[in-house]
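The values are calculated or read from the model by the stated rules, or taken from the named source; none is laboratory data. Everything numeric here is computed off the predicted structure, so don't read it as measured data. Positions of Cβ are backbone-derived with ideal geometry, glycine not excepted, and every protein chain shown enters the neighbour counts. Areas reflect the complete protein model, heavy atoms only, side chains present, ligands, DNA and RNA absent. Shrake-Rupley method; radii C 1.70, N 1.55, O 1.52, S 1.80 Å.
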Amino acid sequence: MAFLYFVAYIGTTLGVKICMKIFHVGQFEMLLNSNIGGMLTACVIVFFAGWARRFRDEDRRFLPFIVLSGICTGIVIPTTTVMYTLPINVMIAMVLIRALVIVDGRVVDTILIGAGVSKKRIVWEENVATALAIGSAGIIMFWPASDDKAKFNFFTDPLAMWNIMLYVGAYFVRLVIMNVYKNRAKETDSMVFF
């Protein structure tokens, strides 16, 4: 599953750059197409994998959280697309948003463990990964590379700052919901949420 996610992520990234550079698709047209494609892809997967049939009456209590997670996904998809359309290298954009998700995940773990919702044990490798993620995001945002394209400053561009805040905030909410659901639902019910 992780490999398929990786392949889909690379395909999405290449698709955005190819459409913008070769076919000269504008930023907002790309955003619209990306949203439609993301929604259709999710619906096709849910339908063909048979996940909708797994949703039972007792699962309805989780429906508000599932809807909220879907809304957050509706924020993550376009903000990812917008990040790729900024005047920065696409690999730098990918490293930045992935690093921020790693940090988000570690913060969520700390909060849920502290609240007694999760009994997860944090291993030292997670802390090292989080430190590396913070370091890489810091380098990207505070010390851009020397070439002209990479001199883009996130802090002086309102679109970039709002985009990053929306992306990180939506992912944070999704991670909280997914982890709370995972820790409160029966083990066999996890597929219902996803």
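For this structure, a couple of remarks:
To keep it simple, each residue is scored yes or no on (1) in contact with a Phe, Trp or Tyr (Cβ under 9 Å, 6 or more places away or on another chain); (2) aromatic (Phe, Trp, Tyr); (3) closer than 23 Å to PHE172 by Cβ.
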residue	(1), (2), (3)
PHE47	no, yes, no
ARG60	no, no, no
THR81	no, no, yes
VAL90	yes, no, no
ASP104	yes, no, yes
ILE111	no, no, yes
LYS120	no, no, yes
VAL128	no, no, yes
ILE134	no, no, yes
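- When the stretch 6-25 is filtered for residues that are surrounded by 13 or more Cβ atoms within 10 Å (Cβ to Cβ) and over 16 Å from VAL76 (Cα atoms), the ones remaining, listed by number, are GLY15, LYS17, CYS19, MET20, VAL25.
- Boolean, ARG98 is of a type outside the set (A, V, I, L, M), modelled with pLDDT of 85 or more, in a helix (DSSP H, G or I) and over 25 Å from MET30 (Cα atoms): no
- For the stretch 116-130, residues that are of a type outside the set (Phe, Trp, Tyr) and assigned to a helix (DSSP H, G or I) total 6.
- Just one of the listed residues (PHE28, PHE3) is of a type outside the set (Asp, Glu), modelled with pLDDT under 80 and either open to solvent by 60 Å² or more (accessible area, probe 1.4 Å) or not in a helix (DSSP H, G or I) (or both), and it is PHE28.
- The number of residues in the stretch 36-48 that are open to solvent by 40 Å² or more (accessible area, probe 1.4 Å) and either over 18 Å from ILE66 (Cα atoms) or in contact (Cβ under 8 Å) with a residue 40 or more places away in the chain (or both) comes to 2.
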